[in-house]
1. Which members of the range B:2-28 meet the condition of being more than 9 Å from chain A (Cβ to nearest Cβ) and modelled with pLDDT of 90 or more?
2. Given the residues A:Asp118, A:Asp21, A:Asp27, which is the only one that is facing chain B (nearest Cβ under 8 Å) and among the charged types (D, E, K, R)?
3. Of the residues B:Gly84, B:Gly97, which single one is on the phi > 0 side of the Ramachandran plot, more than 9 Å from chain A (Cβ to nearest Cβ) and not β-branched (Val, Ile, Thr)?
4. Look through B:Gly36, B:Gly71 and report the one residue that is modelled with pLDDT under 90 and in a strand (DSSP E or B).
5. Within the range B:301-331, work out how many residues are in a helix (DSSP H, G or I) and either acidic (Asp, Glu) or touching a strand residue (DSSP E or B) at 6+ places or on another chain (Cβ under 6 Å) (or both).
6. Would you say A:Ile95 is of a type outside the set (Asp, Glu), away from chain B (no Cβ under 14 Å) and without any contact (Cβ under 8 Å) to a residue 24 or more places away in the chain?
7. Restricting attention to the range A:141-167, which residues are free of Cβ contacts under 8 Å to residues at least 24 places away in the same chain, more than 14 Å from A:Gly107 (Cβ to Cβ) and either within 14 Å of another protein chain (Cβ to nearest Cβ) or part of a strand (DSSP E or B) (or both)?
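The values are calculated or read from the model by the stated rules, or taken from the named source; none is laboratory data. Note that this is a predicted model, so its numbers are computed, not measured. Heads up, the Cβs are rebuilt from the backbone with ideal geometry, glycines too, and the neighbour counts pull from every protein chain shown.
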Amino acid sequence: MLRAALLLSMLLVTTAAQAEDFRVGADLSVFLREEAGGNRTVLPGLSLRGSYRLRPSIELAGLWMQAFDPKGRGPAEASSWHQRFAARAEFALPIRTSSLVLAAGPGVSLTRTTLFGDGEAIASTTLARFGASGALLFEVNLPHLTLRTGVEAFRAARRTDVAVVLGGTWPSRRAW
Amino acid sequence: MKRLFSAAICAACVACLPEDRSGSVDALVYLRDPAGTAYSSGVAPVENLDSLRELRGRDIELRRSSRIEVGLDLAGVRVTVDPGKPFALEYAIDEDGVVIPGDRESFLALSLYRNLDRAASILREHGHEPVRRLQVYYLPRYDNFVAGDGRLVFTDNAAFLPLGRGFIIVPSFLLSDLPLLLNEGVMAHEFGHAVVHQELFGDVDEAPQESSADPGWRIAHRHLSAMHEGVADLIGFAVTGDPDFIGPSLATDRNLAEPRSFLAFDLSSIELLPADALDDRLDPHGLGSIMARTVYEFWPRTEGNRLTEDDRGRLLTLTVRALRALEFAPEVFTLAAFPNELARLLDESERAAACEVLRLRFAPLQSRLTACGGA
């Protein structure tokens, strides 16, 4: 529901502004989830984003990141689907054809976990936590694509999840 | 303004956490079937909590992001412990008020807390009162001055750390059966080490003369290491009723129901010191197991051939009393000291049968069996 609302709002705003001001993107990530015990679980992740350029160096962005932790092979295991939603302001410091980007804003983490005992699913929980999202990224501007890499962080409920991302963004409606 | 903003963010984060609980809660954990040896998931009480969210209770407290550092200075090997931060359990509470862990680590940690708390409660019922709450260093960073970051090397294990007044729990990578931290008997065994340490030496960082180069003290400590393992095995058995409590986790030769004798070779392995103290390869587990098997063999049974819950309870009570009566000193303390003291605490008719087993199983140390008349 939250994802649908986010995408719809972006679509409505898109119709009212210039194509180049709206960008969409995707990242692959290494998601380092901080567990209850302070250790980190390393998971592959995927994120999608949409952004609106307010000024050359300021963008408003919405982000959806997800990572799946599959059930292991022991007698007491769990599988978890982690999702992170963030709405944030991104400030770019141009360096020739590149940019250093600092992002910050509120977010929501959503984790759905299924507990297994002896191979059988025994219980599920869905936990939502409000928090803060931030990022430090390096972007390289190419003619129709901006490549980006960096570190994302999400802080909520005494945990800080970190992701190392690599991806790109492009205009949502190309004026080619 | 900045502080207000930070406070608002923190309040929002905390506001959507479930309420913290204390006292006793029903929770979904991984537990042993009391009637047998099988493990499965089920709802059981988790008790004596001060804080469910931080998994802190009367006798046990889990810690996260802790660090154990083994270094070397002029005085020798130095171990420092950074206790880290309070645990951060993820959970939800269902419509029946049952606590459901919110992820795998929380599931394991909640079960671990329950196992240790149960062992502590049972030992309290039989005369052992912990002087302080014990810390559980959950998946600590483990730095060794020789091996470096040991987190990928030190796995599939659990250990009592007297200096840190607590336990180290490390990840389970290799064992495909029951992880050690979910094994009620293994956790009772680890708690047993805390019982032995406190009842023998009190609330201290280490046993007396632990770093001594004196051959007499070094041999006494080797006997002590073996005794520690044997008594811990007995406590693991007494808490679970399963003489092979390690079996669900690890195929190993530690079944108390299979008798074993302490031979001259075993005594030599303890009392012949290696030239280099750092090259000490004594494994106290097998030797301690011999002692534990001997006690299992001679312990009085009220019903046929099996040890009932009452028999095991009496074993725990007399174990605590025997530990308090022991004297730890060179030339005096051996692996036979503990079973000898146990035999002394038995009734006269029971002692005769116990001594018969002790003389058979501990022949090389027969002169130390003063409760049985010595040599």
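1. Selection gives B:Asp20, B:Arg21, B:Ser22, B:Gly23, B:Ser24, B:Val25, B:Asp26, B:Ala27.
2. Step by step, each of A:Asp118, A:Asp21, A:Asp27 is checked, and only A:Asp118 is facing chain B (nearest Cβ under 8 Å) and among the charged types (D, E, K, R).
3. None of the other options fit; the residue is B:Gly97.
4. B:Gly71
5. Residues meeting the conditions: 3.
6. Considered against the rule, which asks whether it is of a type outside the set (Asp, Glu), away from chain B (no Cβ under 14 Å) and without any contact (Cβ under 8 Å) to a residue 24 or more places away in the chain, A:Ile95 comes out as yes.
7. Result: A:Leu147, A:Thr149, A:Val151, A:Arg158.
Residue-wise test of (1) charged (D, E, K, R); (2) at pLDDT 95 or above.
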{"residue": "B:Ala292", "(1), (2)": "no, yes"}
{"residue": "B:Glu297", "(1), (2)": "yes, yes"}
{"residue": "B:Leu315", "(1), (2)": "no, yes"}
{"residue": "B:Phe333", "(1), (2)": "no, no"}
{"residue": "B:Ala336", "(1), (2)": "no, yes"}
{"residue": "B:Asn340", "(1), (2)": "no, yes"}
{"residue": "B:Glu348", "(1), (2)": "yes, no"}
